[in-house]
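Coordinate-derived values only; no laboratory data. Everything numeric here is computed off the predicted structure, so don't read it as measured data. Here Cβ is always computed from backbone atoms with ideal geometry, including for glycine, and neighbour counts include all displayed protein chains.
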Amino acid sequence: MISMNRYTLAILVRNQFGVLNRVTSMFRRRRFNINCLTVSETEDTAYSRITVLFEGDDNHKRQLVSQLYKLPDVVSVREFEREETVSSELLLIKMANVHDDREEILDAANAFDAQIMDYSRESIVMQMTGESRRIDDFIELMRDFEILEICRTGVVSLERGSSVMRNVTKL
């Protein structure tokens, strides 16, 4: 039986047309399901950083990393271990503003450090940042009430300490 593990990869790529498609196609061809994907320019606009959360087995993950390095626009690939990274995600959640539930919703928002971004007679929009597990817990608590809409960014991660991706590049 193959054990499924959860992995976080950060992939530093040249900021070129079609790179995201080539990288995600590599995951598709190796039959990895991507649980979360974030992409943005880095401190240098010539490069973008792709952060991917996915599940699979260790052997296939090693093959995937090896194949990613063969893509011409991939500069660096780093696997992140939970203990060695700082990770965060953004959540926007719109709740029905029902009189009987309002106080409990606002108390929960306060307990989770969620900020009220918009307040109307019909709805309350809250913003929360933090680790995915904490955001999951907040959403689960809000399921006791009427959720109108949810939008999440996906995880972004940086390694702790002085190590940076641009210093670990392929030749």
Query - Descending Cα extents along the principal axes, the chain, whole Å - result: 61, 43, 31
Report task. Show that you can apply the helix-only estimate: for the chain, add -39,500 (n - 2.57) for every DSSP H stretch of four or more residues, divide by all residues, and state [θ] at 222 nm to the nearest 500. Result -> -8500 deg cm²/dmol
Query raised in the report: the range 60-106 to the range 26-59: how many Å between their Cα centroids?
Result: 10
Query raised in the report: Under 16 Å from a point 7 Å along the Cα-to-Cβ line of ILE150: which residues of the range 74-96 have their amide N that close?
Result: 89-96
Report summary line: A correct Kirkwood calculation over the Cα atoms of the range 86-156 returns a hydrodynamic radius in Å of 12.0
Query - Gain on full stretching of the segment that runs from ASP57 to GLU140 - 0.36 nm per residue minus C-alpha separation - result: 27.0 nm
Requested in this report: Report the extension gain between GLN16 and SER163 in nm, rounded to one decimal, defined as 0.36 nm multiplied by the number of residues separating them, less their alpha carbon distance.
Outcome: 50.4 nm
**Report entry** Positive-end extreme of charge dipole, the range 43-171 - chosen from ALA108, LEU148, THR51 (charges on Cβ)
**Finding:** THR51
